[in-house]
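S.K.: Questions regarding the structure given below will be posed in turn.
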Amino acid sequence: MIALGLLTVGIMGWAGITNAATTSLNSNTLVDKIAQKFNLKKTDVQAVFDESRQERQKNHQVQMSNNLDKAVTDGVITSEQKQKILDKQAQNQKDRQSKKDEMTKWFSDNGIDQAKLKDYQIGLGHHGRGMRGMHR
């Protein structure tokens, strides 16, 4: 049961951590710094970051699937439980996107320019982590 709990927590937390690490204000600052330092187009540098994020997400999904398959094989969870975990993760991803869209609309409805606030790291995002990805 402990292994199942740890597996579930790890799976549920992965998407948020991956998203936070790659769309945080710090990564955009890093994109800006790299573009400026090496005289590159910001959009080209951002494209490399985005491609890298997609590769990490794909690799993580493969690893997660392998881990869930092993948990089923080892009798820790059933195939049905594996599918429930996958379904819950997919729902969590949809919920995060919905919340992001809701916040974007809220800013717009209230006449607040998110791009102007990005350097201030205003804490209106999930778990006080600011408005990550909201200014894109």
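The values are calculated or read from the model by the stated rules, or taken from the named source; none is laboratory data. As the structure is a prediction and not an experimental result, all values here were calculated from the model. All Cβ positions, even for glycine, are placed from backbone atoms using ideal geometry, and neighbour counts span all protein chains on display.
S.K.: Please go through segment 67-97 and give me each residue that is loosely packed, with under 13 Cβ neighbours inside 10 Å and among the small types (Gly, Ala, Ser), ordered by number.
M.R.: Gly75, Ser79, Ala90
S.K.: Hey, another quick one. Take the residues in segment 52-66 that are closer than 20 Å to Lys88 by Cβ and surrounded by 13 or more Cβ atoms within 10 Å (Cβ to Cβ), then tell me which one is nearest to the chain's Cα centre (by Cα).
M.R.: Gln57
S.K.: Can you name the condition, by its number, that Ile112 falls short on among (1) in a helix (DSSP H, G or I); (2) surrounded by 11 or more Cβ atoms within 10 Å (Cβ to Cβ)?
M.R.: (1) is the only condition that Ile112 fails.
S.K.: Does at least one position in segment 28-44 carry a residue that is at pLDDT below 90, surrounded by 14 or more Cβ atoms within 10 Å (Cβ to Cβ) and out of contact with any Cys (no Cβ under 6 Å at 6 or more places or on another chain)?
M.R.: yes
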